[in-house]
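Have a look at the structure below, then the notes.
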Amino acid sequence: MTTTDALATAPLDPTAPLDPTAPLDPTGSPAPLTPPAPLTPPAPDAVADLARRVAGPVFRPGDEGYDAERSGFQAGHRHRPAVIVGATDAADVAAAVAFARARHLPVAVQATGHGLSAATDGGLLISTRRMTDVTVDPATATARVAAGAVWGQVVEAAAPHGLAPLNGSSPGVGVVSYTLGGGVGVLARTYGFAADHVRAVDLVTADARRVRVTADRDPDLFWGLLGGGHGLGVVTGLEFGLVPVARLYGGQLVFGAERIDDALTAYLRWTGTVPDTLTSSLGLIVYPDLPQLPAALRGRHLLQIRIAFTGGAEEGERLVAPLRAVGPTVGDDLREMPYEESHTIHRDPSDPHAYNGDNVLLDGLDAAALHRVAALAGPAAPVMVVTQLNHLGGALATGPKGGAGAGAVGHRDARFALRVLSPLGDADPEGDLATVRKVHAEVLAAVEPWRLGRNVNFLLGEQRGRADAAEVARSTHGAAARARLADLKAAHDPENVFRFHPYEA
């Protein structure tokens, strides 16, 4: 994935010439980027020559396989490039970047497409889904992955050695894009951001060079890649540390509608008492009354508390006792499990679908505001709103044991992340989007007194066209980090080859 998959500082239209005076740095110091020429689709003979230079397939609009290649997990919209290169290795990526740069075509990258938030019109799309190599070195507790690898592969490769990655809740999410955005996962409070554990980044630069970036070789670029993003190149591989976790105590406690308020109050109080070895979140959802759903879920308003504790089952039982004391549950599958089953804690959907999501990072929260969130996102909401509150802190704030994190992840001091997500229908997605944005804004406004900013990995779905787009772009990092990221963009991609979109993660 490119570093566009982590962050940009201001909205850009990928089909328009770049205005070098545009406020790429919202602090008021725009980066002096060279405006590219207007887009001209490459000639068929040029595309044919590119196809001879790369090992992977090359697609143009109308070709068999073009639509499948540009589609990802986010089904609400797709890239619409003039050319797609199905890269098989870093050499293919470098050839694609050189081709695009010579023709003033913007470059976008996609592996799984979970976080697609601004589809590219025209230009060149590098599809990395074929680059799936994963290697684990148990002696050094490290993993090396190629650009298209997903977390489920890494978990499976690491488990026989008693090791685990800092993966997210879904095994199908791409490793690279998740990590470039920071990466808040199942073990987050114990071990910090996934970006904090990266040791080396394999990068194809804007001038099509293949380089290896480390904290020793290029500390500024290394910092910007990990949590900053910014269209600095195409990441073709990562090397990162693994952690010694073979088993977890975890799962879900599920409460029915009659106990939601009590459970919310208890959860908020409880998060102030638990050790850093326990990472948790709560989810609120009103299940639709659909025949394909289990009868126990159909049409119900439920609260799910998700637990991941790296200690033993006996201690885990003691820690969750205050939550069980709220009253009878409609579901309780807390248990000791092998780490390979960690994806069952959140049970994220595995099938592509259309959705839109937003979030805020908070420096605190009270029960009254959380009850207000639950009411606004509950059965009376005009659209389905899946709400999640992540308990942060711990190593996310302090960095992993042995030192602070080296990356540009913003708002490390946040105590909670409040996330909202809604599915979009096929009949009128634009109309759905307007309603969804309005409801999301109302829900997030309930926690305004504690707002710090946003997490870029949790900005999901179409973000262009928002009335508050500039504020959203500014909210992911502080002013000093934004200025530093703008300087890195100007230094490493002055021609704006990676005409990045904001919010892609």
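All of the numbers you see were taken from the coordinates with simple rules; none came from a lab. All of these numbers come straight from a predicted model, not from anything done at the bench. Here the Cβ positions follow ideal geometry from the backbone for every residue, glycine too, while neighbour counts run over all protein chains shown.
Take 90-98, 452-460, 243-251, 290-298 and order them by the average number of nearby Cβ atoms within 10 Å per residue, most first; the result is 452-460, 90-98, 243-251, 290-298. Extents of the chain, largest first, come to 69, 54, 46 Å (Cα atoms, principal axes, whole angstrom). Evaluated at q = 0.15, 0.23 Å⁻¹, a Debye calculation over the C-alpha positions of the range 221-284 (equal weights, vacuum) places log10 I(q)/I(0) at -0.78, -1.01. Seen from every direction in turn and averaged, the convex hull around the alpha carbons of the range 338-390 projects onto 5.8 nm². Hydrodynamic analysis of the range 154-221 uses the Kirkwood radius over alpha carbon pairs. Inserted into Stokes-Einstein at 4 °C and 1.567 mPa s, it gives a translational diffusion coefficient of 96 µm²/s. With Rh defined as the Kirkwood radius, the inverse of the mean 1/r over Cα pairs, the Rg/Rh of the range 86-129 is 0.97. Taking only the Cα atoms of the range 226-359, the radius of gyration and Dmax are 17.7, 52 Å.
Working from Cα positions, state the angle (0 to 90°, nearest 10) between the long axis of helix 313-324 and the longest principal axis of the chain. Taking the Cα atoms of the chain, the angle to 313-324 is about 70 degrees.
For Q74, the residues whose amide H sits under 5 Å from its own are H114, L116, ignoring neighbours fewer than 5 places away on the same chain, with H placed 1.01 Å from N. Quick check: Cα centre of the range 186-244 to Cα centre of the range 266-315, how many Å? Comparing the Cα centres of the range 186-244 and the range 266-315, I get a distance of 32 Å. Hey, what D do you get for the range 29-180 in µm²/s if you plug the Kirkwood alpha-carbon radius into Stokes-Einstein at 37 °C and 0.692 mPa s? Translational diffusion coefficient: 196 µm²/s. Near the amide H of H411, within less than 5 Å, lie the amide hydrogens of G478, all on another chain or at least 5 residues away, with H placed in the peptide plane. Across the range 291-305, coupling constants 3J(HN,Hα) worked out from phi with the 6.51/-1.76/1.60 Karplus curve, θ = phi - 60°, read x, 6, 8, x, 4, 5, 10, 4, x, 9, 9, 10, 10, 10, 9 Hz, and Gly and Pro carry x.
Annotation for the range 325-409: GluC sites (Glu not before Pro) lying in DSSP loop with at most 10 further Cβ atoms inside 10 Å of their Cβ do not exist. For the chain, the longest principal axis of the Cα atoms and the long axis of helix 429-445 meet at an angle of about 50 degrees. Report, to the nearest 10°, how far helix 367-376 tilts away from the longest principal axis of the Cα atoms in the chain, using its own Cα long axis and a range of 0 to 90°. Around 70 degrees separate the two axes. Evaluating 6.51 cos²θ - 1.76 cosθ + 1.60 at θ = phi - 60° for every residue in the range 162-176, the Karplus couplings come out as x, 10, 9, x, 8, 7, x, 7, 10, x, x, 7, x, 5, 5 Hz, glycine and proline recorded as x.
Scaled to the globular estimate 2.2 N^0.38 Å, the Cα spread of the range 123-264, given as radius of gyration, is 1.18. All C-alpha pair distances within the range 136-178, sorted into 5 Å bins from zero, spread as 5, 26, 34, 22, 11, 1 percent across the bins. Derived scalar couplings between HN and Hα for the range 44-56 equal x, 5, 5, 5, 4, 5, 4, 4, 6, 8, 10, 7, x Hz in order, rounded to whole Hz, by the Karplus curve 6.51 cos²θ - 1.76 cosθ + 1.60 (θ = phi - 60°), x for Gly and Pro. How fast does the range 311-409 diffuse by Stokes-Einstein, in µm²/s, taking the Kirkwood radius from C-alpha pairs at 20 °C and 1.002 mPa s? The Stokes-Einstein estimate is 121 µm²/s.
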